Amino acid sequence: MPKSMRRLSRRKAFQILYGLIFVPAKTREALTTSFETAPKPPKDGELADKSDEFAWELVLGVWQESAKLDEIITRFSQHWKITRIAKIELTILRLALFEMLHRPDIPLKVAINEAVELAKTFGDENSGNFVNGILDAAAKSIEHGDFGIHKGL
């Protein structure tokens with residue numbers, strides 16, 4: 001899938017996951033409904049279907065793993081309680097960490113760079129640096145095998 005389609009997928013996944021902070025999906029059925037009613041990117045046949053498929057994998061994965069992802073965020077966000085992290089940054093961190101830990105096809109640097117781009121687009125002037133700092137620390141830990149996976153930058 002072209003880079004631009006994955007970027008659209010991440011953006012869609014981010015927007016859905018951000019919305020779920022305010023209106024949580026308590027069941028997978030509710031999550032599916034949230035996904036299906038979200039605005040769709042411009043359709044381009046098979047690529048759009050693959051884009052939706054990737055976005056769904058991200059949304060479902062983050063939704064299922066959010067408690068574990070929050071533990072990791074807490075571990076690497078020195079002096080920041082999860083409740084103090086802005087919702088935009090929290091959503092981006094969850095999304096990127098899911099990719100870093102559960103998508104072997106996505107290099108750590110790509111997940112970090114994409115997260116920083118989302119932070120620059122949706123966050124404030126400090127969001128990119130904040131997200132980058134936490135994800136960089138997590139990436140170093142992943143590189144050292146602390147999470148039982150071996151993945152390089």
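The values are calculated or read from the model by the stated rules, or taken from the named source; none is laboratory data. On a predicted model such as this, the values are computed, not experimentally measured, just so you know. Cβ coordinates were reconstructed from backbone atoms using ideal geometry, including for glycine residues, and neighbour counts include every protein chain displayed.
Would you point out the residue of segment 66-78, among those that are hydroxyl-bearing (Ser, Thr, Tyr) and part of a helix (DSSP H, G or I), that is surrounded by the most Cβ atoms within 10 Å (Cβ to Cβ)?
First pass over segment 66-78, keeping only residues hydroxyl-bearing (Ser, Thr, Tyr): 66, 74, 77.
Pick out the ones that are also part of a helix (DSSP H, G or I) and you get 66, 74.
Working: Ser66: 18, Thr74: 13.
Ranking the qualifying residues of segment 66-78, first place goes to Ser66.
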For Glu57: the one exception among (1) modelled with pLDDT under 95; (2) outside any loop (DSSP other than H, G, I, E, B) = (1)
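If you go through segment 23-33 one residue at a time, do you hit one that is in a helix (DSSP H, G or I), among the basic types (Lys, Arg) and either within 15 Å of the chain's Cα centre (by Cα) or modelled with pLDDT of 90 or more (or both)? Break it down into steps so the answer makes sense when it comes.
Kept after step one, since they are in a helix (DSSP H, G or I), are these residues of segment 23-33: 28-33.
If we keep only those that are among the basic types (Lys, Arg) as well, we get 28.
Next cut, either within 15 Å of the chain's Cα centre (by Cα) or modelled with pLDDT of 90 or more (or both) only: 28.
Within segment 23-33, one or more residues are in a helix (DSSP H, G or I), among the basic types (Lys, Arg) and either within 15 Å of the chain's Cα centre (by Cα) or modelled with pLDDT of 90 or more (or both).
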